[in-house]
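Data block below; observations after.
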Amino acid sequence: MGDIKEEDWNLPPCKYEYLDHTADIQLHAWGDTLSEAFEQCANAMFHYMTEVDYIEMKESYDVEVEGHDMMSLLYNFLDELLFIFSAEPNYIARKVQITEFDKTAFKIKAKGFGEEFQLGKHPQGTEVKAITFSNMQIHENENKCEVFVILDI
């Protein structure tokens with residue numbers, strides 16, 4: 001766990017939405033870059049699990065993931081974040097920031113800013129059981145990048 005600096009308090013604008021999907025939830029996130037779209041997708045997942053306003057940014061958490069292509073990279077990124085929520089110390093992030101995004105070697109280094117999830121303090125949203133590859137989409141365009149991910153709930 002690391003300390004949080006003053007510049008870490010700047011929250012990104014909300015660039016994601018929830019789309020209805022039978023027995024699942026589909027995240028649709030976007031950004032100016034693919035890195036921002038991945039960050040927004042991670043934020044959407046955490047914010048779906050509890051109300052974002054209740055998450056305090058008390059400490060940071062580092063994650064590193066890799067994949068063999070962009071889809072597996074996105075899957076592994078979200079899956080690692082879901083793991084740190086599901087295992088001790090049940091960490092939930094208010095903001096996820098990608099610090100390194102290697103689109104050639106398919107590697108991500110990121111930092112989550114948040115705290116340990118605590119019932120009573122954090123309203124329990126819908127439990128996310130797993131990330132899926134089902135209908136996963138990644139669109140990288142000049143002026144807007146988008147990702148679609150279905151979560152098993």
If you check Phe77 against the conditions, is it in contact with a helix residue (DSSP H, G or I) (Cβ under 8 Å, 6 or more places away or on another chain), closer than 27 Å to Asn143 by Cβ, in contact (Cβ under 8 Å) with a residue 12 or more places away in the chain and not acidic (Asp, Glu)? yes
Exactly one condition in (1) surrounded by 19 or more Cβ atoms within 10 Å (Cβ to Cβ); (2) over 15 Å from Ala44 (Cβ atoms); (3) over 15 Å from the mean Cα position of the chain (by Cα) is not met by Ile108; state its number. (3)
Does region 142-150 contain at least one residue that is open to solvent by less than 10 Å² (accessible area, probe 1.4 Å) and either of a type in the set (S, T, N, Q) or not in a strand (DSSP E or B) (or both)? no
Are any of the residues in region 131-139 farther than 24 Å from Pro12 by Cα and at pLDDT below 95? yes
Take the residues in region 79-110 that are part of a strand (DSSP E or B) and charged (D, E, K, R), then tell me which one is nearest to Thr50 (Cα to Cα). Arg94
Some residue of region 26-35 being hydroxyl-bearing (Ser, Thr, Tyr), without any contact (Cβ under 8 Å) to a residue 12 or more places away in the chain and out of contact with any His (no Cβ under 9 Å at 6 or more places or on another chain): no
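Residues are listed down the side, and each one gets a yes or a no for (1) open to solvent by 50 Å² or more (accessible area, probe 1.4 Å); (2) among the polar types (S, T, N, Q):
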position	(1), (2)
Cys41	no, no
Glu56	yes, no
Tyr61	yes, no
Asp79	yes, no
Ser86	yes, yes
Lys95	no, no
Glu100	yes, no
Phe113	no, no
Being at pLDDT 90 or above and β-branched (Val, Ile, Thr) is the filter; apply it to region 10-38 and report the residue that is least open to solvent (accessible area, probe 1.4 Å). Ile25
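The values are calculated or read from the model by the stated rules, or taken from the named source; none is laboratory data. Quantities reported herein were computed from a predicted structural model and do not represent experimental measurements. Glycine also receives a Cβ, built like all others from the backbone with ideal geometry; neighbour counts cover every protein chain displayed. Calculation scope for accessible area: heavy atoms of the full protein, side chains included, ligands and nucleic acids excluded. Shrake-Rupley method; radii C 1.70, N 1.55, O 1.52, S 1.80 Å.
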